[in-house]
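Everything below concerns the one structure shown next.
The values are calculated or read from the model by the stated rules, or taken from the named source; none is laboratory data. Since this is a predicted model, take the numbers as computed values, not measurements. For neighbour counting, all protein chains shown are included, and Cβ atoms are generated from backbone atoms with ideal geometry for every residue, glycine included. Ligands, DNA and RNA are excluded from the accessible area calculation, which covers all protein heavy atoms including side chains. Shrake-Rupley method; radii C 1.70, N 1.55, O 1.52, S 1.80 Å.
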Amino acid sequence: MEQVGVEHGEPSTGSRRTLPGLLLLLAGSGCAALIYEIVWFQLLQLVIGSSAISLGLLLAAYMGGLCLGSVLLPKYVSSREHPLKVYAYLELGIGACGLLALYSVPVVGRLYLAGAGEGIFGLVVRGLVAVVCLLPPTLLMGGSLPAISRWTGSSPQGVSRMGFLYSANIAGAVFGCLFAGFYLLRVHDLAVATYAAVAVNLGVGLVGFVLARKTSHSAADTAVRVSRPDQIKDQLPDQLPNDRRVRPTLVYLAIAISGLTALGAEVVWTRLLSLLLGATTYTFSIILAVYLAGLWIGSTAGSFAARRMKKPRLGLAVCQMALAASIGWTGYTLSHSLPYWPVDPWLSLDPVFNFELDIVRCVWAIFPATLLWGASFTLALAAARPGNEHDPARISGDVYAANTAGSIAGALAFSLFLIPAIGTRGSQQLLIVLSAVGALVAAAPFVRATPVARTRIGPLRTAAVAAGFIAVTWSFTLAVRDVPWQVIAYGRRVAPIIRAFNLYDQDHPTTVLYRGEGINSSLLIAERAGQRHFYVSGKAEASTAILDMRLERMMGHIPGLIHPQPRSVLTVGFGAGITAGSFVNYPDVERLVICELEKQIPPASSKYFSEENYDVLHNPRTHIVYDDARHYIFTTHEKFDVITTDPIHPWVKGTSTLYSKEYYELCKRHLNPGGVVAQWLPIYDSDPETVRIELATFFDVFPNSVIWSNFMRTRENPNGEGYDLVLLGWADVPAPPVINVDVMQQRLDHPGYARVAGSIRDVGFNSAVELLATYAGRASDLRPLTSGVMINQDLNMRLQYVAGLGLNYAMEQNIYRDVLRYRKFPDGLLTGTGGRIDALHTLLAPVFQRPER
């Protein structure tokens with residue numbers, strides 16, 4: 001077939017000679033962008049909260065800026081400007097914005113506090129904060145690919161080079177994700193990570209200026225001119241007759257659907273994989289890195305293919321149909337394969353070994369689909385290339401904008417609406433259908449132009465093809481099933497526990513009472529051997545077992561009885577409602593506020609734990625707030641007599657904000673005079689360094705704090721059996737108030753406290769003496785254990801990185817023993833007369849030799 005004569009849009013100095021350098025520049029830009037994304041999201045979550053809605057607003061602002069930037073740059077930056085110089089200015093601007101964000105977000109937080117509210121108004125204010133902080137730098141980020149596209153030109157080779165530059169940008173993002181997640185933020189803090197990203201932007205910008213000075217550019221270099229349009233024969237169907245301009249509307253729609261499915265699948269698969277791997281910050285870094293690596297390799301392959309492919313739109317359609325099959329593969333893998341891999345997290349305490357297993361599982365599950373999404377973008381660039389003169393920046397900008405707009409819609413729709421409405425199974429099946437629709441959209445011009453469609457038997461054949469297409473798509477959806485309920489219950493330990501329960505359940509079968517998938521988490525309530533268990537996102541959070549009930553009641557009754565007359569209470573985390581329900585029995589409590597992130601938890605727990613939690617949800621004094629606890633305490637003007645915090649483990653990504661110095665200071669400011677803070681501290685699934693950081697941080701804000709434990713002495717284990725501590729701190733007191741055992745017992749003996757006495761008696765405490773005998777130490781005695789330990793603060797989030805390395809340890813007995821070595825009778829704290837104080841002396845007698853100081 002005769003070739004079309006073209007004057008290819010190559011820069012006068014030849015973009016091929018500068019391509020290797022540009023690839024490095026784009027890689028550096030992608031690395032900095034991923035570091036910024038992680039840093040900015042962590043900073044802004046401290047202001048507007050970390051609920052799914054807040055994260056959705058942040059994501060919409062971030063990706064919306066990328067979308068707008070890619071559209072606006074071709075319109076408002078002249079093609080006469082040297083592309084490399086424009087790119088350099090953009091990179092320097094991004095670096096300046098990154099530096100500004102580090103120091104301005106705290107100021108924005110104070111302004112936000114003045115205008116924060118509830119309901120729609122509150123969401124609008126949160127959205128404005130996200131837009132003000134993220135829109136300027138992301139506008140510049142979005143314009144970087146269109147800017148550099150003017151240097152490659154819009155010839156087939158030039159469009160292929162656009163794809164290579166895009167893939168290099170993603171390659172840099174892979175490195176930035178791993179560099180930030182495994183080094184910068186683990187070893188340093190948000191400030192150092194920001195400085196590193198700024199340095200990368202500065203280097204990229206300076207190199208861009210050097211290259212611009214050494215090369216020439218004219219506006220004509222960006223154009224592709226068709227010299228003989230009458231000879232166009234081997235073009236797409238909508239390019240054939242009458243010298244029409246290309247109408248890439250369907251290409252934009254197809255790549256938008258591709259972006260929608262890509263981000264929608266990322267939301268669904270990240271939730272499911274985090275259940276299987278453990279929701280640490282390292283897990284999220286691994287999932288994102290594998291996801292981006294697939295996009296990188298796929299876009300590179302697509303760039304090679306686009307250079308030689310005569311009909312890239314057909315290639316785009318094939319990719320979308322292959323995606324339907326790949327999503328089915330991932331759904332099958334997550335439900336039928338990975339949960340049954342013989343992976344035991346206790347096989348090794350070496351984090352690197354476990355990270356390698358996590359990478360292999362992620363690659364096995366999601367890599368095929370990510371390769372196809374990556375290839376789709378570069379094929380869309382080639383398919384959108386017009387047959388007439390056009391600005392290459394507009395090609396890349398419009399394709400990138402369409403893909404990003406679809407990504408925004410996918411991320412928000414699946415995280416906020418579809419997963420809670422139809423679950424992860426239904427969401428994956430919908431993703432398969434949407435990918436098939438994307439294939440139809442991309443292939444539509446070929447279907448219209450085929451001669452068969454114009455014959456008499458064309459409609460019959462078309463109907464047969466349509467039926468076959470629907471059948472194939474439907475078969476892909478059948479591969480997707482719900483993940484086993486054990487995944488929601490036991491998470492990363494599902495394989496060994498499934499093997500164990502296959503034997504145990506023969507005599508004690510497990511009955512699933514409730515299973516749900518909310519906006520923020522997945523939850524499950526099950527019953528086994530007469531005990532009910534409550535699980536959230538792969539972790540046991542509460543149960544009716546005696547040890548768990550003791551801890552949950554202690555979290556309520558220790559601060560409730562130590563405070564002389566609690567009237568207002570804030571409980572962070574509903575769980576099974578047992579801690580919050582403890583306060584229902586106090587006659588003086590007038591207001592009980594419960595802050596819970598997941599809306600499905602309170603009604604589900606109330607149905608199956610109403611007896612244990614005294615039906616707290618329906619008590620007239622109870623007020624439920626559905627919000628991130630950190631955000632609620634940051635914005636509320638209310639003060640309380642008691643604040644109890646019962647979050648999930650600190651190794652879960654984002655939870656360490658509820659173990660930080662700044663969080664404890666917020667709690668302290670929201671206590672009435674004489675108020676008390678109680679903090680749950682798990683010592684199972686943990687290591688000594690993690691516990692030392694937790695203790696040191698709490699002691700830093702509450703220097704007179706006291707530790708209590710739920711360890712029970714038994715005949716088999718006289719030193720105690722258990723796995724939790726309760727930290728207690730007071731507001732603005734030079735020393736802990738005196739706790740008089742006689743006064744506490746008199747209070748329990750009062751008729752008005754009969755229900756309180758019954759509540760603690762149900763978990764094995766028959767008197768005030770037995771309750772106070774859970775004393776495990778105080779801050780002043782534990783200074784040798786916590787000295788020199790780095791404090792967990794908002795800007796370093798040290799705890800989540802240290803805890804994420806120690807979650808496979810089973811050292812609760814050793815940790816508890818280390819704490820008890822420093823315990824001595826707290827003279828001046830516990831007082832009383834007669835036999836009660838003597839009994840406390842006996843029960844708190846040293847059980848370990850205290851080390852020399």
Within segment 21-57: backbone nitrogen closer than 18 Å to the Ala114 label point (7 Å, Cα to C-beta): 47-48
In sequence order, calculated HN-Hα J values of segment 677-694 (Karplus, 6.51, -1.76, 1.60; Hz; x Gly/Pro): 10, 10, 10, 6, 9, x, 10, 9, 6, 8, 10, x, 5, 4, 5, 4, 5, 4
Spatial extent of the chain: Rg and Dmax, with the Cα atoms as the point set, Å: 30.5, 109
Taking all pairs of distinct alpha-carbon atoms in segment 563-615, Kirkwood radius in angstrom: 11.4
Cα shape, segment 40-192, gyration tensor, a/c 1.5 rule: prolate
Distance between modelled label sites at Tyr514 and Thr842, nm, 7 Å Cα→Cβ extension: 4.4
Segment Arg567-Thr833, extension gain: residue separation times 0.36 nm, minus the distance between their alpha carbons: 92.9 nm
At most 16 other Cβ within 10 Å, DSSP loop - chymotrypsin sites (Phe, Trp or Tyr not before Pro), segment 759-853: Phe848
Considering only segment 531-649, percent of DSSP beta bridges that pair antiparallel, nearest 5: 20
Dipole of segment 4-160, positive direction: furthest Cα of Val71, Gly127, Gly21, with charges on the beta-carbon: Gly21
Dipole magnitude (debye, nearest 20) for the chain, charges at Cβ of Lys, Arg, Asp, Glu: 2800
Low-density loop positions, GluC sites (Glu not before Pro), segment 756-853 - DSSP coil, at most 12 other Cβ in 10 Å: Glu852
Segment 248-380 - percent of accessible surface contributed by carbon and sulfur, probe 1.4 Å: 75
Simple spin-label estimate for Arg669 and Ala199 in nanometres, 7 Å along Cα-Cβ: 3.4
The chain - accessible surface per residue (Å², probe 1.4 Å): 38
Over 26 Å (Cα to Cα) - which of Lys607/Lys653; Lys539/Lys639; Lys599/Lys653; Lys653/Lys824 fall in this group: Lys607/Lys653; Lys539/Lys639; Lys653/Lys824
Largest to smallest accessible area among Arg394, Arg553, Arg80 [probe 1.4 Å]: Arg80, Arg394, Arg553
Options Thr473, Ala495, Gly577, ranked by Cα towards positive dipole end of segment 461-597, top entry (Cβ charges): Thr473
Residues whose placed amide H lies under 5 Å from that of Glu541, excluding near-sequence neighbours: Phe534, Tyr535, Val536
Two-site FRET efficiency, Lys824 against Asp742, from Cβ-Cβ distance with R₀ of 22 Å, rounded to 0.05: 0.50
Phi to ³J(HN,Hα) by Karplus 6.51 cos²θ - 1.76 cosθ + 1.60 over segment 574-591, Hz, x for Gly, Pro: 7, x, 7, x, 6, 5, 4, x, 4, 7, 4, 7, 7, x, 8, 5, 9, 9
Accessible area, probe 1.4 Å, largest first, for residues Glu590, Glu91, Glu517: Glu590, Glu517, Glu91
Global form of segment 673-789, assessed from the alpha-carbon gyration tensor, a/c cut-off 1.5: oblate
Centre separation in Å (Cα based) which lies between segment 146-197 and segment 794-837: 44
Approximate spin-label separation Arg817-Lys639, in nm, with each point projected 7 Å along Cα-to-Cβ: 4.5
